[in-house]
Each structure stands twice: as structure tokens, then as C-alpha cells.
Amino acid sequence: MAGRQPTVGSAEHRQLFCRSFIDSHLQFEPAQLPWPELDPTMLQRLREVPFWQEVLYTEMRAIRIIEAFAPTVPDPLVREAMELMAEEERRHERLVRHLIARYGIVIEAREIPPLPSDVERTFIDFGYGECVDSFLGFGFFRLARESGFLPPEMFDALEILMGEEVRHVLFFVNWMAWHQALRGRRAAASRGLTSAWHYARAIAALAGVAARNARHQGNGREFSATQAAGLMPGFTMGGLLAACLEENRRRLDAYDRDLLRPRLLPALARVALAFTGRGGRRKRGDGRAEVRCGR
Ligand SMILES: [Fe+2]
Ligand SMILES: [Fe+2]
């Protein structure tokens, strides 16, 4: 649906971003998804993917944060949407645990540290972190699927989790703008500066994960983009950025045009691609788009 875009911070805007989130919630249970049987080679590949522990940890922490913040939200419709988001994150944890158990993946236990006392700020940091993780994750997911690293049926089963993260990002971006507008920051430039600051924090946090990963050797502690090169032959940063841009656009295009979209990361990725002059998309012989990896 595309119509007159509601004023950011208005009741109409709140109704739009909450209702589009609540109304697009899907009913399913992870154990009922069509998980494929894997041959020994594929099973070994799946088990050697180094980030399952990080994925599980991220979902568990997401639950903790949203469950802490949602009850403090005064608006009943926004609170209902956030409680539904927590329910989806709990289902993500069940999905990852099911995958780990079904395919015999070995991970080390990892505790969630206590949350900081400022739950609103923690939720906002978490939201920007999801924006960064999703932007990169959608691109990785596309490249991994196209590489044939695992059977397509495995990506089909995991697609439902990716699809829900798109909704979480859209909800967060709109909630954040609405939340700021209620506090007097109605100007897009002012909100943009705040976003840039939070994105910088989220990217720094992700860089911290990558740096820690450089000190660990596999076995699921953390995962960095550089490790993807080992998982997917032909992987390059230019190809990844092109895939991220295309996948984010494709996934977000499925939702109401009147919702605000994340803009900073795609803009930065486009600048990076233009600067390097590498990466892009071309048509394959079968007509499907394919990532062209720069060097
Ligand atoms: Fe999640
Ligand atoms: Fe999420």
C-alpha cells in the first residue's frame, strides 16, 4: 500500500508501523519446518560453520532486552508489537536450538551477562545492532545460497527467520523515529544525526566481535566477514556489499511504502562500492541475477 506518508510521530504513523508488524506475524513452529536430510559432506559443512553459537547468543540476548524494555512502554499498541517481537525472538531461539540438536552441531555454552540498568538505551543499541547485522546477514545469506554451500532446502527452512528480522528492522526504524519525534526531534536531519551516532556504535560493536574472532580459532565463538572467504569460494567484500544492497532492497520492497526505511547503511555501501569501482550484478545465463565479485 502506498498513500500519503503519515507525519513521523503522529498517531497515524504509530498505527501504521505497529499494525503492519502485528498483522504480518506468521504462525509456525520451528520443529514443524521442512528440515532437509543432509548427506555426510553437507552435514560436515553445516557443523563446521563457525557462528552457530554467536547466532544462538544473539537471539537469547535479544529476548532478554525486549522482555526488559517492552513492559516499560506506556503506549498499549507499541507495547503489544514489542511483546510480539519478543515472542518471535523466543521462537528464533527455539529454531536455532532445533537446528543445533537435529544436525548434531557442537557449541560451547555461553552465559548472557546482566543487562545495563538503562533498558531504553540498551533496546536502542540492540535495535541498531539488528539493523547492521541484518544488512550484512541478508547479503551473506544470498551469497551462501547462490554458492551451493548447503542444499537449497536448508536455506528455505532458514528463510523464515531472515524474513522476521526484516520486519524487526522496519519496526525498529519506525519506532525510533516516532520515539524521537515525541521528544521534539521531528526534523529528519536531527534524527539522521542521532542514527549516525548509534550506527557508529553498532558497527564498532560488530568490529569488536570480529577482532575477538581473530584471536579465536573457529568452533563457533564469533564470526567475521573474512571467514566467509573460507566458506564461499569467490567471496569478496565488493560482492558482499552488492548482495547486501540488492537483498535489503528486495526484502524491504515487500512492505508498505509509507513505512520509513533504513537509509544510512545502504548509502554507505553504495559509496563504498562506487569508491572501489568493484562488485556489481550481472545476469547469468539462466536469467537470474548473480553477484559479480570484485577482487
Ligand atoms: Fe532474532
Ligand atoms: Fe530480531
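For segment 32-42, how many residues are outside any loop (DSSP other than H, G, I, E, B) and open to solvent by 60 Å² or more (accessible area, probe 1.4 Å)? Spell out how you get there, then give the answer.
So the first thing to find is which residues in segment 32-42 are outside any loop (DSSP other than H, G, I, E, B), and the list is 32, 40-42.
Subset that is open to solvent by 60 Å² or more (accessible area, probe 1.4 Å): 32, 40-41.
Number of matching residues: 3.
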Quick one: how many residues across segment 77-114 are surrounded by 16 or more Cβ atoms within 10 Å (Cβ to Cβ) and small (Gly, Ala, Ser)?
2
Between Ala254, Ala242, which is surrounded by fewer than 17 Cβ atoms within 10 Å (Cβ to Cβ) and modelled with pLDDT of 90 or more?
Ala254
Looking at (1) outside any loop (DSSP other than H, G, I, E, B); (2) open to solvent by 40 Å² or more (accessible area, probe 1.4 Å), which one does Pro74 not meet, given that it meets all the others?
(1)
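Looking at segment 50-68, can you tell me whether even one residue there is more than 20 Å from the chain's Cα centre (by Cα) and part of a helix (DSSP H, G or I)?
The initial filter retains those residues of segment 50-68 that are more than 20 Å from the chain's Cα centre (by Cα), namely 68.
Cutting the leftovers down to part of a helix (DSSP H, G or I) gives us 68.
For segment 50-68, residues more than 20 Å from the chain's Cα centre (by Cα) and part of a helix (DSSP H, G or I): present.
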So which residues in segment 144-167 are open to solvent by less than 20 Å² (accessible area, probe 1.4 Å), part of a helix (DSSP H, G or I) and either within 16 Å of Tyr199 (Cα to Cα) or away from ligand 2 (no atom under 16 Å from the Cβ) (or both)?
Ala144, Met154, Phe155, Ala157
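The values are calculated or read from the model by the stated rules, or taken from the named source; none is laboratory data. As the structure is a prediction and not an experimental result, all values here were calculated from the model. Here Cβ is always computed from backbone atoms with ideal geometry, including for glycine, and neighbour counts include all displayed protein chains. Only protein heavy atoms, including side chains, enter the accessible area calculation; ligands, DNA and RNA are left aside. Shrake-Rupley method; radii C 1.70, N 1.55, O 1.52, S 1.80 Å.
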